[in-house]
Amino acid sequence: MSDSISPSPQGGAAPRCFALIPCAGSGSRAGAPVPKQYQPVAGQPMVRHTLAAFAAAPRIAHCLVVVAPGDAFLGPGAPGVAIADCGGASRAESVFNGLGALLAGGAGAQDWVLVHDAARCLVTPAQIEALIDACLGDAVGGLLALPLADTLKLADAGRVAATLERADKWLAQTPQMFRIAALRGALAAAAPGGFAGVTDEASAIEAAGQRPLLVPGSAQNFKVTYPEDFALAEAVLRSRNA
Ligand code: CTP
Ligand code: MG
């Protein structure tokens, strides 16, 4: 990865791939003493594992980490990794602000951005590269996702109201890869409504009338969300390094 963002490619130059890591938020469901993305997992703050995966993905040109205003936990950054303390009140707002920082820093409107949760610390360079392989030639872009494994129930007052068809259901993961300008435009349309209902990048792109590509991911690429998730993430990371 390069140290700083070089000027946007001119003419027919190939679009580049940037990583944008939303890393603000408090992790209220995780119950950790610090924001979950900074909680130690397998010997390092969780987000360091996330960043290591992107650093090892050959086609990622540069990585921008979006943290909360005044958050200095990660310090000034590192080669190929910039820190922007422009995090917002929601994940979508953090991503929207981060896209502005990428463009201001020299990324091009037609460059690609891979948005990835800091809290998905088990993503692998191979999964990142598989998403890039699948999306580089696509008009829209897409996301890693997982076909539903379990039977899906509709709940009503704590009881099952119906069993839903699961064959056409997928769980959305990250990274999610779109053109920077297209994603920024899609999020801008949701900004006046406080980004309501925009829980991932694809949902904003869908609201703009596009149909993102579903790229099969891995169950190991889960988002550390609840207290018990830390031990599972730690076990997976330690098994990979064994
Ligand atoms: N995130 C962010 N800005 C926010 C909220 C979340 O950048 N205002 C980031 C988190 O750091 C996390 C990712 O978005 O890496 C996914 O969000 P989530 O798992 O929901 O994290 P939190 O919002 O911090 O957790 P919770 O919803 O349990 O409070
Ligand atoms: Mg949240």
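The set of residues from the stretch 62-97 being of a type in the set (Gly, Ala, Ser) and away from ligand 2 (no atom under 16 Å from the Cβ) comprises 70, 72, 75, 77, 78, 80, 82, 84. Taken over the stretch 121-145, the criterion of being part of a strand (DSSP E or B) and either touching a helix residue (DSSP H, G or I) at 6+ places or on another chain (Cβ under 7 Å) or farther than 21 Å from residue 22 by Cα (or both) is satisfied by 141, 142, 143, 144.
Taking each residue of the stretch 149-178 that is outside any strand (DSSP E or B) and looking for partners that are among the hydrophobic types (A, V, I, L, M, F, W, C) with beta-carbon atoms closer than 8 Å, six or more apart or interchain, yields 149/219; 165/152; 166/148; 166/152; 169/148; 169/152. For the stretch 214-229, the condition holds for at least one residue, the condition being that it is buried (at least 17 other Cβ atoms within 10 Å of the Cβ) and aliphatic (A, V, I, L, M).
Residues that are surrounded by 15 or more Cβ atoms within 10 Å (Cβ to Cβ) and away from ligand 1 (no atom under 16 Å from the Cβ) within the stretch 111-127 comprise 111, 112, 124, 125, 127, listed in sequence order.
State which residue is farthest from ligand 1 (Cβ to nearest atom) when the search covers only the stretch 13-46 and only residues that are touching a residue at least 60 places away in the same chain (Cβ under 8 Å) and over 23 Å from residue 114 (Cα atoms). That would be 42.
Looking across 68, 72, 92, 32, one residue alone is outside any loop (DSSP other than H, G, I, E, B), among the hydrophobic types (A, V, I, L, M, F, W, C) and out of contact with any Lys or Arg (no Cβ under 9 Å at 6 or more places or on another chain). It is 92. On inspection, residue 103 does not qualify as in contact with a strand residue (DSSP E or B) (Cβ under 7 Å, 6 or more places away or on another chain) and either modelled with pLDDT of 95 or more or crowded, with 16+ Cβ neighbours inside 10 Å (or both). Each residue in the stretch 9-26 was checked for being within 16 Å of ligand 2 (Cβ to nearest atom), among the small types (Gly, Ala, Ser) and crowded, with 23+ Cβ neighbours inside 10 Å, and 1 of them qualify. Scanning the stretch 183-242 for residues that are within 16 Å of ligand 2 (Cβ to nearest atom) and under 17 Å from residue 128 (Cβ atoms) yields 200, 201, 222, 223.
Against the criterion of being part of a loop (DSSP other than H, G, I, E, B), within 16 Å of ligand 2 (Cβ to nearest atom) and not β-branched (Val, Ile, Thr), residue 106 does not qualify.
Could you tell me whether any residue of the stretch 27-44 is away from ligand 2 (no atom under 16 Å from the Cβ), of a type in the set (S, T, N, Q) and within 25 Å of residue 79 (Cβ to Cβ)? The answer is yes, given that some residue of the stretch 27-44 is away from ligand 2 (no atom under 16 Å from the Cβ), of a type in the set (S, T, N, Q) and within 25 Å of residue 79 (Cβ to Cβ). Please specify each residue of the stretch 1-56 satisfying the condition of being at pLDDT below 95 and under 14 Å from residue 82 (Cβ atoms). Answer for the stretch 1-56, where residues must be at pLDDT below 95 and under 14 Å from residue 82 (Cβ atoms): 1, 2, 3, 4, 5, 6.
Considered as a group, the residues in the stretch 81-97 that are more than 8 Å from ligand 1 (Cβ to nearest atom) and of a type outside the set (A, V, I, L, M) include one that is nearest to residue 38 (Cα to Cα), and that residue is 85. Set side by side, the residues 207, 235, 219 differ, and just one is under 15 Å from residue 178 (Cα atoms) and out of contact with any His (no Cβ under 8 Å at 6 or more places or on another chain), which is 207. Looking across 155, 78, one residue alone is modelled with pLDDT of 95 or more and of a type in the set (A, V, I, L, M). It is 155.
The values are calculated or read from the model by the stated rules, or taken from the named source; none is laboratory data. Note that the coordinates shown come from a computational prediction; the quantities given were computed from them, not determined experimentally. A quick note on method: Cβ atoms are made from the backbone with ideal geometry, for glycine too, and the neighbour counts reach across all protein chains shown.
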